[in-house]
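J.: Take this structure first; my questions come after.
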């Protein structure tokens, strides 16, 4: 008799033999299934939509100043002001001071749009005969600049104004009471 070779303990490569007639089961412990993923995606899309609605519903009317663009557009001679200075909100008010008894009284402030000129652009106001040599000399001696309210083609009110940096801008400060970052040179007028 012929001898048969001993069966090999190695398995042949290929698909594993089926265990039974049922397909393999998926693990029910998966944290995300299609329903959860659809709900999260829907909430994300709704959140973006609500955010867009809130951001575009901001009012840009003069009664609600919510951005710098409103102030820039409201400035007298807006193109001139943007090129040669900076738009501003001007507050006119009077202060009454009594000494006996000591007391301070303030009038109701009047808010109006204005413009602050850069020192390098004063000659434009001189060429338009809006300021004279004496006003320029007086303002230069005190290291100030000019600001105005009203249209330059009409009868603007032009004043020599002083830049006061002692209070600082507490809106952009990281710490209570002052900013640690020095002002850029472009903020100097």
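The values are calculated or read from the model by the stated rules, or taken from the named source; none is laboratory data. Just so it is clear, the structure is predicted and the values come from calculations on it, not from any experiment. Cβ sites come from the backbone with ideal geometry, for glycine too, and all protein chains shown count toward neighbours.
J.: With 65, 116, 70, 89 as the choices, which residue is surrounded by 10 or more Cβ atoms within 10 Å (Cβ to Cβ), touching a helix residue (DSSP H, G or I) at 6+ places or on another chain (Cβ under 9 Å), modelled with pLDDT under 85 and within 27 Å of residue 145 (Cα to Cα)? I'd like the intermediate steps shown before the answer.
T.: Values: 116 fails: modelled with pLDDT under 85; 70 fails: touching a helix residue (DSSP H, G or I) at 6+ places or on another chain (Cβ under 9 Å); 89 fails: modelled with pLDDT under 85.
The conditions single out 65.
J.: Residue 124 fails exactly one of the following numbered conditions: (1) assigned to a helix (DSSP H, G or I); (2) in contact (Cβ under 8 Å) with a residue 12 or more places away in the chain; (3) within 23 Å of the chain's Cα centre (by Cα). What is the number of that condition?
T.: Of the numbered conditions (1) assigned to a helix (DSSP H, G or I); (2) in contact (Cβ under 8 Å) with a residue 12 or more places away in the chain; (3) within 23 Å of the chain's Cα centre (by Cα), the odd one out for residue 124 is (3).
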